[in-house]
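K.L.:
Could you have a look at this structure, given as C-alpha cells, before my questions?
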Amino acid sequence: MSNDTNETPVVHMENIVKHFGTITALDGVDFTVEKQQVMALLGDNGAGKSTLIKILMGVHTPDRGRIYFEGQPVRINSPREARAMGIETCYQDLALVNLMSITRNFFLGRELARKIGPLHWLNMRRMNDLTRAALADVGIKIRSPSEKVGTLSGGERQSIAIGRALHFGAKLLILDEPTSALSVAETRKVLKYTLNAKERGLSVIFISHNVRHVYQVADAYTILRHGRKIGTYAKGELTEDDIADIIAGVREQ
Amino acid sequence: MQSLTITLKRLRYGLAASPEVVALITFLAVFVFFSVTADNFLTPGAISNILTFASIQGIIVVGMAMLMIAGEMDLSVGSNLAVASFVFALTMNAGAAPLPAMLLALLISTLLGAVNGLIVTSSGIPSFITTLGTMLAYRGIARAIGSGTFAKYTETRPPLFSILNGAIDSLNQLFEPASNFRVSIFWFILIAFVMTMVLMRTRFGNWVFAVGGNEGAALAQGVPVKRVKLVVFALTGLFTGIASVMQFAHRTSVDPLRGEGWEMIAVAASVIGGVQLTGGVGTILGASMGILLLQTLEQGLVLMGVPVQIFRAVAGSILMLSVIGNTYLSRQG
C-alpha cells in the first residue's frame, strides 16, 4: 500500500447492490478512490461500470450498500446533490450541449445571474470573461467563448468539460470513456488534462473498457465483470496484457 | 469561382446560424407575390386582418416554440383553447364579473398545460402521444361543459373586452374602408418580446435550451429537467388561455369546434420559423415569422379568390420547403 493509507479516501462504496427488474447490475461491489488518485474503472460492456458511476452521481439509488464521501456516510439522491458535494462527471455524450456556446455550457446549472423578480438575468459578459480565463488557466485555448460547442473537436470538448470541473473546485472527477472516440494526438491531450487535474489535488475515476487508454495515467485499476468486482490493483502490479485478459475473462485472478 | 463557392458556403452557415432569416426571406417573397398578384392585398384592411389573426395564434406559437426548443410539443392547445373559452363564457353567464371569469379561464388552461407536463415528466411517455391523448380528452371536456353547443355572451361588452382585444378605432378610422387593427397585436408583440428575453437572457431560458439540446447533459449538470419541462408546459397552457380569452373578447361566442387544427398551425409555424422538432434550436422571432407567413398566405389566397381549401395544400408545401431548406442549411460540410 502507498502512503495514502492515513488519509480518508475521497469515495468509499461498500457492498453496492443494484437490480434492474430481474437483472442484477451490481452484486455487492466495493469501490474506493483515494485522494489525488487516478483510479481506472475497467470492464467489458455490461460489466456494471456505468451503473456504479450513475449511483455515485445520483442518477440511480443502490438497492443495498453504503457510500462514504470524504469519510462521511452520504445518500446521493440527484446529480445536483452529487455536484454540490464536489463530484463532477464528464460523459462522452452527456458532458456538453453541442448546440450551446462554450460559456453557456461552462456555466450550465450554475449561471451567474442577477435575480430580478422571479427571473435570474444572466451576466453573459462576466461569464464569457471567466470562461476564457478559466480555460486559459488550465492550459486550454479557445477561439471565442460564444462559439458553439458542436463546432469543436472531440478532444476540445473533453478538455472544456475537464476545465469546467477544475474551475468549479470539484473533488472527484469522473471521466466516462473520455478517449474512446479520439485520435491519438487528442487522446494524449486528454490524458495530459487528466494528470493536470490530479496535480491540482483532484481524484479522478477514469472509466474505460480498454486498458490501453488508461495505462499511462492510472495509479490503480479496479476491474468489474458481470456486476462483480474482480479486484483492485496498484500501478505496476499487473501488465497491460494481464489486465486486458482479466477484463475479457480469459484469465481469473 | 472558388471564392464564389466559399462565399456561398459562408452564407449557408450564416443562414443556418439564424434560421429565422429563412422564414423572413420566405415571408417577404410571399408578401411581394401577393402584393403584385392579389388586388386589395396591399391595403390597411388586409394587412390589419393578417396581423390581428396572426397575433392570436401567435401567442400560442410562442408557447409551442418554447416547448419544441425544450424538446417537447403540445397537441392539445386547440382543445385547451376551447375549454378556456367555454369557462370564460359560462362563468360570466352564470353571473360572475368578467375579471374573475377571465382569471378562472387562465387558471384552468394553465392547469391543463401543467397536466400534460406532469404526465410527460412522470411517465416518460413522449409528449406527442401524451398530448394527442389530452387533445381528445380536453375536446371532450369542452363539449361536456358546453353541452355540445354554442355559448354566447349577450350582455354589453365590458371594458375588459376592450383591454383584451378591442378594435383600435382611432387608427382604424383613418382608413377608408376602415381597417381591423386590434389590441391583440400589442399583446402578442409584448409576450413575444418578453419571452424572447426570458429565453435568451435568463437562467431559465438557458435551461430550456439545454434540456432540449441534450437532456442527459442538462441533468448531469444539475439542471432540474422535469421542473423546466413542467413550467414550459404550464406556460404553453397559460398562453393558450390568453389567446382564448382574447379571441372570445372579440367574438363573444364559442363553439365546440373552436381551435380545432390550431395545434398543427402552431407546430407548422414553429417549424417554418426554424424551430427544430429534435429540440435545442429555435427562436420566438422565427416562429413568429412562421405564423405571420401562414396568415399572410391564407389572407392572400382569399383575396386572390382561390378556394380556401387550397390554403392547406399551399401551407403544407411551404412547410415542407422550409424543413428541406433548414435541413440543407444545418447539414455539416
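K.L.:
Looking at B:ALA82, is it over 27 Å from B:PHE193 (Cβ atoms), assigned to a helix (DSSP H, G or I) and touching a residue at least 40 places away in the same chain (Cβ under 8 Å)?
P.N.:
Yes.
K.L.:
Considering only the range B:56-92, how many residues are more than 15 Å from the chain's Cα centre (by Cα) and among the charged types (D, E, K, R)?
P.N.:
Selection size over the range B:56-92: 0.
K.L.:
Can you find a residue in the range B:287-294 that is of a type in the set (Val, Ile, Thr), under 30 Å from B:VAL225 (Cα atoms) and touching a helix residue (DSSP H, G or I) at 6+ places or on another chain (Cβ under 8 Å)?
P.N.:
yes
K.L.:
Looking at the structure I just gave you, is A:ALA95 assigned to a strand (DSSP E or B), of a type in the set (A, V, I, L, M), closer than 20 Å to A:SER208 by Cβ and touching a helix residue (DSSP H, G or I) at 6+ places or on another chain (Cβ under 8 Å)?
P.N.:
No: the conditions fail for A:ALA95.
K.L.:
For residues that are free of Cβ contacts under 8 Å to residues at least 60 places away in the same chain and among the charged types (D, E, K, R), scanning just the range B:166-200, find the one that is nearest to the other protein chains (Cβ to nearest Cβ).
P.N.:
Step by step, filter the range B:166-200, then rank; the result is B:ASP169.
K.L.:
Output yes when any residue across the range B:93-102 is within 21 Å of B:LEU257 (Cβ to Cβ) and under 21 Å from the mean Cα position of the chain (by Cα), and no when none is.
P.N.:
Among the residues of the range B:93-102, not one is within 21 Å of B:LEU257 (Cβ to Cβ) and under 21 Å from the mean Cα position of the chain (by Cα), which makes the answer no.
K.L.:
Pairs under 6 Å by beta carbon, first residue at the interface with chain A (Cβ under 7 Å from one of its Cβ atoms) in the range B:201-224, partner at pLDDT below 90 and in a helix (DSSP H, G or I), six or more apart or different chains?
P.N.:
Qualifying pairs under 6 Å: B:LEU219/A:PRO79; B:ALA220/A:PRO79; B:GLY222/A:PRO79; B:GLY222/A:ARG80; B:GLY222/A:ARG83.
K.L.:
Which one is surrounded by the fewest Cβ atoms within 10 Å (Cβ to Cβ), of the residues in the range A:117-126 that are at negative phi and either more than 8 Å from chain B (Cβ to nearest Cβ) or in a strand (DSSP E or B) (or both)?
P.N.:
It comes out as A:PRO118.
K.L.:
Go through A:GLY58, A:GLY43, A:GLY65 for me and flag whichever is away from chain B (no Cβ under 14 Å), buried (at least 16 other Cβ atoms within 10 Å of the Cβ) and closer than 28 Å to A:ALA181 by Cβ.
P.N.:
Only one candidate qualifies: A:GLY43.
K.L.:
Continuing with this model, one more query. Can you tell me which condition B:ALA142 does not meet? The list is (1) in a helix (DSSP H, G or I); (2) more than 21 Å from B:LEU285 (Cβ to Cβ); (3) within 10 Å of chain A (Cβ to nearest Cβ); (4) not polar (S, T, N, Q), and all the others hold.
P.N.:
(3)
K.L.:
State all residues of the range A:68-79 that are surrounded by fewer than 16 Cβ atoms within 10 Å (Cβ to Cβ) and within 10 Å of chain B (Cβ to nearest Cβ); if no residue qualifies, say none.
P.N.:
A:SER78
K.L.:
Taking the criterion of being farther than 23 Å from B:GLY71 by Cβ, outside any helix (DSSP H, G or I) and within 16 Å of the chain's Cα centre (by Cα), would at least one residue in the range A:103-116 satisfy it?
P.N.:
Within the range A:103-116 (the criterion being farther than 23 Å from B:GLY71 by Cβ, outside any helix (DSSP H, G or I) and within 16 Å of the chain's Cα centre (by Cα)), the answer is no, since none of the residues qualifies.
K.L.:
Hey, can you tell me all the residues within the range A:158-184 that are surrounded by fewer than 24 Cβ atoms within 10 Å (Cβ to Cβ), touching a Leu at 6+ places or on another chain (Cβ under 9 Å) and more than 18 Å from A:LEU130 (Cβ to Cβ)?
P.N.:
A:LYS171, A:ASP176
K.L.:
Output the qualifying pairs, or none if there are none: Cβ atoms under 6 angstrom, residues six or more apart or on different chains, first residue in the range A:80-101 and more than 7 Å from chain B (Cβ to nearest Cβ) and over 22 Å from A:LEU130 (Cα atoms), second residue modelled with pLDDT of 85 or more and assigned to a loop (DSSP other than H, G, I, E, B).
P.N.:
A:GLU81/A:GLY58; A:ALA82/A:MET57; A:ALA82/A:GLY58; A:ALA82/A:ILE76
The values are calculated or read from the model by the stated rules, or taken from the named source; none is laboratory data. Note that the structure is a prediction, hence the values are computed from the model and not measured. Cβ: placed from backbone, ideal geometry, glycine included. Neighbour counts: every protein chain shown.
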